[in-house]
Amino acid sequence: MEVTADQVVVLPGAKIGGNLTYKSDNPAEIHDGAQINGTVKRITVAPPSEQPLASIIWEEALKVVSLLVLALLFVLLLPLATEQVADTVRTQLWMSLGLGVGGFLVPPVLALVLFITVIGIPLGWLFLVGYGAFLGAGILLGKVFLGFLLGVSILRALQKKQQVSSIWSVLLGTAIIKLLTYIPYVGWVVNIFVLLLAMGALLYLAGQRWFRRPVRAEV
C-alpha cells in the first residue's frame, strides 16, 4: 500500500498484505491488532522553499516602477483622457461608484443568461471576453487615473495654486495608492474601490459620448 496524507492511521483489524509506504509530515499511527506483512516505510515531505525577502522586495519594487512608467506614459501621451477620467471621478463620485458596481456585476449575469439560452452561447463568450478586458483595464489603469486625481489634489494643497505639474501629480498619487495596497486588510479595499471608480468613470464617459447628439450650428 502506498499513500500520501497529512495523517496516516492504521486501525485494529486492518490487513495489508505487503509493504506500507507512506508520504507524510507526521509519523503513522499504527494500532495494535493491525496486520502488516511487509515493512513500514515513511517518506518525509520536504518543506516548501521560501522565497528570499530580498527577492520579494525586488519583485515588488519592479511592479511599482512599472506602474509609475505606465502612469507617466499615460499622462504624456493621453493627457486629455487621463484628466477627463480623473475629473469625472471628482465631479461624479457617486455616479461613478454606482456605474462601477453595475459594470462589475451585470456582465457576468448577462453572460449566464445567454449561456442558458444555448443560442446565445457565442455572444455570452464575447461578453465574458470583453468583460475580462474591461476588468483588466480597470485594475491596471484605475491606479493611474485615481493617482492623478490624488496627486493633483495634494500638490494644489501644498503649493497653494491651481496649476500644478501633471507629471509629478500622477507619479505622486499613483505611488501613494500603490503603497496603500500593501497595507494588510486595507489593500484589497483600496484595490476594489479604485477599480469600481475607474470602471464607473469610463462607463460614464462612454455613455456621454454615445448619447450626445451633434448640435446644429445656428446662423
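Matching residues to (1) part of a helix (DSSP H, G or I); (2) touching a Pro at 6+ places or on another chain (Cβ under 8 Å); (3) not assigned by TED's automatic domain parsing to the domain that holds Tyr182; (4) not charged (D, E, K, R):
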position: Pro12; (1), (2), (3), (4): no, no, yes, yes
position: Gly33; (1), (2), (3), (4): no, yes, yes, yes
position: Leu68; (1), (2), (3), (4): yes, no, no, yes
position: Leu76; (1), (2), (3), (4): yes, no, no, yes
position: Thr82; (1), (2), (3), (4): yes, no, no, yes
position: Val85; (1), (2), (3), (4): yes, no, no, yes
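Filtering Leu110, Leu140, Leu114 for residues that are surrounded by fewer than 18 Cβ atoms within 10 Å (Cβ to Cβ) and farther than 23 Å from Leu70 by Cα leaves a single hit, Leu110.
Scanning segment 17-47 for residues that are surrounded by fewer than 11 Cβ atoms within 10 Å (Cβ to Cβ), over 16 Å from Ala5 (Cα atoms) and not small (Gly, Ala, Ser) yields Asp32, Asn37, Thr39. Applying the condition of being touching a Lys or Arg at 6+ places or on another chain (Cβ under 6 Å) and at pLDDT 90 or above to segment 153-177 and asking which residue is surrounded by the fewest Cβ atoms within 10 Å (Cβ to Cβ) yields Ile177. The residue that is nearest to the chain's Cα centre (by Cα), counting only those in segment 1-33 that are under 21 Å from Thr44 (Cα atoms) and among the small types (Gly, Ala, Ser), is Ala5. Of the residues making up segment 35-56, those that are without any contact (Cβ under 8 Å) to a residue 12 or more places away in the chain and either in a loop (DSSP other than H, G, I, E, B) or polar (S, T, N, Q) (or both) are Ala46, Pro47, Pro48, Ser49, Glu50, Gln51, Pro52, Ser55.
Only a single item in (1) farther than 21 Å from Ala201 by Cβ; (2) in contact (Cβ under 8 Å) with a residue 24 or more places away in the chain is not met by Leu128, and it is number (2).
The values are calculated or read from the model by the stated rules, or taken from the named source; none is laboratory data. In this text, all values refer to a predicted model and were calculated from it rather than measured experimentally. Virtual Cβ from ideal backbone geometry, glycine too; neighbours counted across all protein chains shown.
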